[in-house]
Amino acid sequence: MFEPNALWVVAGTSVLGLTSGIIGSFAFLRKRGLMGDVLSHAALPGICLAFMVTGTKNMFAFLIGALLTGLVASFAINFITAHSRIKEDTALGLTLSVFFGLGIVLLTQIQHSPNGNQSGLDKFLFGQAAAIIQSDLLWLGIISLLLITLCALFFKELKLLSFDPAFAKSIGFPLRPLEFLFMLLLVTTVVIGLQAAGVILMAALLITPAAAARYWTERLGQMVVIAACFGGLSGLLGSWISTFGTQLSTGPIIVLSSTALFFLSMLCAPRRGLIAKGWRAARLKTKLAEEAALTALYAWMERNQQPAIPESELPAILLEAKLSPKQLDNLVRKGWLCRQDGELTFSETGWKEAYNTTLFQRLMEVWAMYETSIDSPVPLQEVGRKEEFPAQLRRTLLGLLHRHQHAPRYLPDHLAPSEQGGFL
Amino acid sequence: MKQKHAAPVSVERLSVAYHKKPVLREITYASPEGELIGIIGPNGAGKSTFIKAVLGLLPLTGGTVHIYGQPYRATQQLIGYVPQRESVDWDFPTDVLDVVMMGRYGKLGWFKRPGKPDRDIAMACLDKVGMADFAKRQISQLSGGQQQRVFLARALAQDATIYFMDEPFAGVDAATEKAIIQVLQELRAHNKTVFVVHHDLQTVTDYFDSVILLNMRLIAAGPTKETFTVENLQKTYGGRLAILPRQFDLTMMG
């Protein structure tokens, strides 16, 4: 069922996806996403020139040509931003289209020349993965291995270059050579990718796997590996679908596959994904409403020195604290609040929770009043939850709270707060 | 110049221009050793530019910079740098310990990865700024003050002789300010020379042994007591100095 040819194609696109995922990670983190696009468009005139000079389709010559035009393009961008008021995005757009236009002109010229029809250079526009043969795969493999090795060797340098270039320079990293190395990696990836993905779609192969991988991890090393997997998987899926299922063009299917992986990541990733974020926001909202209800009810009991609230008082309390009756039902369901004989009262856990929540809020208030005169291991602004409250401040702040007569003043007889205040 | 007695940092006729507009003009200065030195001046006076120029991060329009009598390239190992914390993207995928370990990169050489000794040094430096518990924290979850302390720890990990800090006190909480000043004093106790770009005039006399008053030109430099005077401040800030620091109010009233 596997034709050998199809196998080369699948293997080739997978290797390509893997490599571009790795290199693309650094481009993504350096916010050079569009640079990949510029370099792939700028590669077109370079490749055409290389073909016109050598008269053959030679990967190495193409690499040199693409590197030269890529360098000129990035020099042009730097020149425009440094010597005019034009901002980088405009400079990128200008350069990209000029080089692409030049590439198309040269391409048309080649098509009209005697050996032009056999050149197959027009396939570089959208890519033709189906044309990958065994010898291409060998090249692809060797160059990919080289690129990945360089990335591994210079991992620490590339990391610092991406995170804090000024610091990198201050400790003696040669910034310009490193920048050049990085561009070399990027251009080489683009050139080996052009045959399969094409000038126009190559940038997607660089950026999308990296952008997707960022959702799943907080470590650079892991991100690079995940991006490589995503890239490889999109290459595999894309060529598989286009070769075996349909007659669709491979490059675009690869891009669509990696975009699907991106959407999946954006939705489902733990912590960073939209679903996880939404869930956290909803939980926080519930918790805040719960605390608001607890403190509002407790405040009434404290004011009236009574262990239960008559139902008739409820509407006023709810209105004042801007609460809905549903939030009380929630507390009842949790077993913190008991509703009987036309009265509301806390269960034992309810009392403790209400007391602790009120105490915490008032400790925070009094801390804010005395912030400058109190030494704390954590700044006030960073304490959001009871668990984050620094234990060594408890005694001092509790003392202040009593001095301001602001400590919670009511509990039923059978409950007593600990010496540190509250029930912890 | 005899190397033994050369100043930690000396600049001669240093000039820097951005887009052909001069930012620093003809600055000549030699620093004392083992002191905390405040770089003071109004916004746009070229304070950050001055330390970036000394660090070789910007091309000089003119002049020379020497570290202990030698050009910067030869002495990079001696220098620690705390950039402004806004200069990086804190959503970078890495954790606190990893950032502090970047301070070791300059000593590692090509291809080498930081190892256990570097990790131990980084942890010790985090401890000094009171952030040891945050070693595994993702950097995007840090507050401004914590970011600043991480950058300070990274500079400490460089184990340098001369430090340059760009606005380390800008927009940090009281706890962080205290932690930073403690670290600065410890550095001075170890005879390190520390340059700090600073904008809070109230604290200058408390924090710094010497000051550099800068407003595109060098207005004055020297021991704080003699240099940080109303007259020099007026020269530095021109008409823009609305409120004088506390201690001057008192002396002028008395």
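Kindly provide the set of residues from the stretch B:15-42 that are within 15 Å of the chain's Cα centre (by Cα) and open to solvent by less than 40 Å² (accessible area, probe 1.4 Å), ordered by number.
Selection gives B:SER31, B:GLY34, B:LEU36, B:ILE37, B:GLY38, B:ILE39, B:ILE40, B:GLY41.
For the stretch B:68-77, indicate whether the set of residues that are crowded, with 16+ Cβ neighbours inside 10 Å and among the hydrophobic types (A, V, I, L, M, F, W, C) is non-empty.
Looking through the stretch B:68-77, none of the residues is crowded, with 16+ Cβ neighbours inside 10 Å and among the hydrophobic types (A, V, I, L, M, F, W, C).
When you scan the stretch A:89-100, how many residues do you find that are open to solvent by less than 30 Å² (accessible area, probe 1.4 Å) and either more than 11 Å from A:GLY46 (Cα to Cα) or over 34 Å from the mean Cα position of the chain (by Cα) (or both)?
Summing the residues that are open to solvent by less than 30 Å² (accessible area, probe 1.4 Å) and either more than 11 Å from A:GLY46 (Cα to Cα) or over 34 Å from the mean Cα position of the chain (by Cα) (or both) in the stretch A:89-100 gives 3.
When A:GLN247 is evaluated against the numbered criteria (1) out of contact with any helix residue (DSSP H, G or I) (no Cβ under 7 Å at 6 or more places or on another chain); (2) in a helix (DSSP H, G or I), which criterion, by number, is the only one it fails?
(2)
Select, from A:ILE142, A:ILE132, A:ILE148, A:ILE192, the only residue that is in contact (Cβ under 8 Å) with a residue 40 or more places away in the chain and open to solvent by 40 Å² or more (accessible area, probe 1.4 Å).
A:ILE148
With respect to the numbered conditions (1) away from every other protein chain (no Cβ under 14 Å); (2) assigned to a helix (DSSP H, G or I); (3) open to solvent by 10 Å² or more (accessible area, probe 1.4 Å); (4) in contact with a Leu (Cβ under 9 Å, 6 or more places away or on another chain), which one is the sole condition not fulfilled by A:ALA61?
Evaluating A:ALA61 over (1) away from every other protein chain (no Cβ under 14 Å); (2) assigned to a helix (DSSP H, G or I); (3) open to solvent by 10 Å² or more (accessible area, probe 1.4 Å); (4) in contact with a Leu (Cβ under 9 Å, 6 or more places away or on another chain) leaves (4) as the failure.
So which residues in the stretch A:327-378 are among the hydrophobic types (A, V, I, L, M, F, W, C), part of a helix (DSSP H, G or I) and buried (at least 18 other Cβ atoms within 10 Å of the Cβ), if there are any at all?
A:LEU328, A:LEU331, A:TRP351, A:ALA354, A:LEU359, A:PHE360, A:LEU363, A:VAL366, A:TRP367
As an exercise: evaluate A:LEU184 against (1) open to solvent by 30 Å² or more (accessible area, probe 1.4 Å); (2) aliphatic (A, V, I, L, M); (3) more than 17 Å from A:CYS151 (Cα to Cα) and give the number of the one condition it does not meet.
It fails just one condition, (3).
Residue by residue through the stretch B:214-254, note down the ones that are among the charged types (D, E, K, R) and modelled with pLDDT of 90 or more.
Once the filter is applied, which keeps residues that are among the charged types (D, E, K, R) and modelled with pLDDT of 90 or more, the stretch B:214-254 yields B:ARG217, B:LYS225, B:GLU226.
Residues checked against (1) in a helix (DSSP H, G or I); (2) farther than 14 Å from A:LEU121 by Cα; (3) at pLDDT below 90:
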{"site": "A:ALA43", "(1), (2), (3)": "yes, no, no"}
{"site": "A:GLY46", "(1), (2), (3)": "yes, no, no"}
{"site": "A:LEU49", "(1), (2), (3)": "yes, no, no"}
{"site": "A:THR56", "(1), (2), (3)": "no, no, yes"}
{"site": "A:LEU67", "(1), (2), (3)": "yes, yes, yes"}
{"site": "A:VAL72", "(1), (2), (3)": "yes, yes, no"}
{"site": "A:ASN78", "(1), (2), (3)": "yes, yes, yes"}
{"site": "A:ALA82", "(1), (2), (3)": "yes, yes, yes"}
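Of the residues that make up the stretch A:365-380, is at least one within 20 Å of A:GLU291 (Cα to Cα) and at pLDDT below 85?
Checked the stretch A:365-380: at least one residue is within 20 Å of A:GLU291 (Cα to Cα) and at pLDDT below 85.
Just to verify a result, which residue in the stretch B:164-178, among those that are in contact with a Gly (Cβ under 6 Å, 6 or more places away or on another chain) and open to solvent by 20 Å² or more (accessible area, probe 1.4 Å), is nearest to the other protein chains (Cβ to nearest Cβ)?
Filtering the stretch B:164-178 for residues that are in contact with a Gly (Cβ under 6 Å, 6 or more places away or on another chain) and open to solvent by 20 Å² or more (accessible area, probe 1.4 Å), the one nearest to the other protein chains (Cβ to nearest Cβ) comes out as B:ASP173.
Within the stretch A:38-48, identify whether any single residue is away from chain B (no Cβ under 14 Å), open to solvent by 40 Å² or more (accessible area, probe 1.4 Å) and either within 27 Å of A:ALA227 (Cβ to Cβ) or touching a residue at least 12 places away in the same chain (Cβ under 8 Å) (or both), and answer yes or no.
No, every residue in the stretch A:38-48 fails to be away from chain B (no Cβ under 14 Å), open to solvent by 40 Å² or more (accessible area, probe 1.4 Å) and either within 27 Å of A:ALA227 (Cβ to Cβ) or touching a residue at least 12 places away in the same chain (Cβ under 8 Å) (or both).
What residue, among those in the stretch A:234-246 that are more than 19 Å from the chain's Cα centre (by Cα) and touching a residue at least 24 places away in the same chain (Cβ under 8 Å), is most open to solvent (accessible area, probe 1.4 Å)?
By that ranking, first place goes to A:TRP240.
The values are calculated or read from the model by the stated rules, or taken from the named source; none is laboratory data. Keep in mind that what you see is a predicted model, and the values were worked out from it rather than measured. Backbone-built Cβ (ideal geometry, glycine too); neighbour counts: all protein chains shown. Just so you know, the surface numbers come from the protein's heavy atoms only, side chains and all, with ligands and any DNA or RNA stripped out. Shrake-Rupley method; radii C 1.70, N 1.55, O 1.52, S 1.80 Å.
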